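Here the structure comes first, spelled out in structure tokens, and everything after it is commentary.
The values are calculated or read from the model by the stated rules, or taken from the named source; none is laboratory data. Bear in mind the structure is a predicted one, so any value in this text is a computation, not a measurement. When we count neighbours, we look across all protein chains shown, and the Cβ atoms used for this are built from the backbone with ideal geometry, even at glycine. Side chains included, ligands, DNA and RNA excluded: accessible areas come from the protein's heavy atoms. Shrake-Rupley method; radii C 1.70, N 1.55, O 1.52, S 1.80 Å.
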Amino acid sequence: MPGSSSIESLDDTQISFSVQIYSLDKIFHAWNYSTVTWEVEYSNEFECWWLSLLEDEQVSLNSSVLLLEQRGPHLPYPHSSSIKGSRHPHLRELRTQHRGRPYRTLYALDPRRTAILLIGGDKTGQDQWYEHFVPLADRLYDEHIEQLIIGGLIDG
């Protein structure tokens, strides 16, 4: 909020100046989002699904992954949302629309602050999609964490 003040100098003349107050939160967040990118890795299962997609489907999905790289855990709905029924409270879904079809990629941010794309699929007409894919994603994330511990990349 701008304001103005005045002070007296040593020779009794008035010196006026104006003060501009900035929110550090807004400055920091703007700087943080524009300079920090998140590493994104993927499981073998995700890679198999990716390779089965047509090129235009990959382009649509890649747009969502680029947003995840840019925003990390701050990627908002409708691009990302939380998942119910997972053993891992930080498991999320990357929500991609391709020609009106809902493609979903289940992912999590691991302790290294790296996004791991676990598994994906086309949710069209599949009422039980989450019941099938969330347990798979839980298992894949467990395996990912185990490999990080074995590799000495995180503490167990």
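In the range 78-90, is there at least one residue being at pLDDT 95 or above, surrounded by 13 or more Cβ atoms within 10 Å (Cβ to Cβ) and charged (D, E, K, R)?
No, that holds for no residue.
Of all residues in the range 113-135, which are open to solvent by 50 Å² or more (accessible area, probe 1.4 Å) and either more than 20 Å from LEU94 (Cα to Cα) or not in a loop (DSSP other than H, G, I, E, B) (or both)? Even if it seems obvious, please write down each step before you answer.
We begin by selecting, within the range 113-135, every residue open to solvent by 50 Å² or more (accessible area, probe 1.4 Å); these are 113, 123-128, 130-132, 135.
Listed by number, the residues that qualify are TYR130, GLU131, HIS132, PRO135.
If a residue must be over 12 Å from the mean Cα position of the chain (by Cα) and either surrounded by 16 or more Cβ atoms within 10 Å (Cβ to Cβ) or without any contact (Cβ under 8 Å) to a residue 24 or more places away in the chain (or both), how many such residues does the range 37-77 contain? Talk me through it step by step, then tell me what you get.
Within the range 37-77, the first condition is being over 12 Å from the mean Cα position of the chain (by Cα), and the residues that meet it are 41-63.
Filter once more, so that each one left must be either surrounded by 16 or more Cβ atoms within 10 Å (Cβ to Cβ) or without any contact (Cβ under 8 Å) to a residue 24 or more places away in the chain (or both): 42-55, 57-62.
Residues flagged as over 12 Å from the mean Cα position of the chain (by Cα) and either surrounded by 16 or more Cβ atoms within 10 Å (Cβ to Cβ) or without any contact (Cβ under 8 Å) to a residue 24 or more places away in the chain (or both) within the range 37-77 amount to 20.
With the requirement that a residue be part of a loop (DSSP other than H, G, I, E, B) and either of a type in the set (Phe, Trp, Tyr) or farther than 23 Å from THR124 by Cα (or both), what does the range 93-112 give you?
ASP110, PRO111, ARG112 - these are the residues of the range 93-112 that are part of a loop (DSSP other than H, G, I, E, B) and either of a type in the set (Phe, Trp, Tyr) or farther than 23 Å from THR124 by Cα (or both).
Which residue, of LEU94, LEU136, is closer than 27 Å to LEU54 by Cβ, within 18 Å of the chain's Cα centre (by Cα) and not small (Gly, Ala, Ser)?
Numbers: LEU136 fails: within 18 Å of the chain's Cα centre (by Cα).
None of the other options fit; the residue is LEU94.
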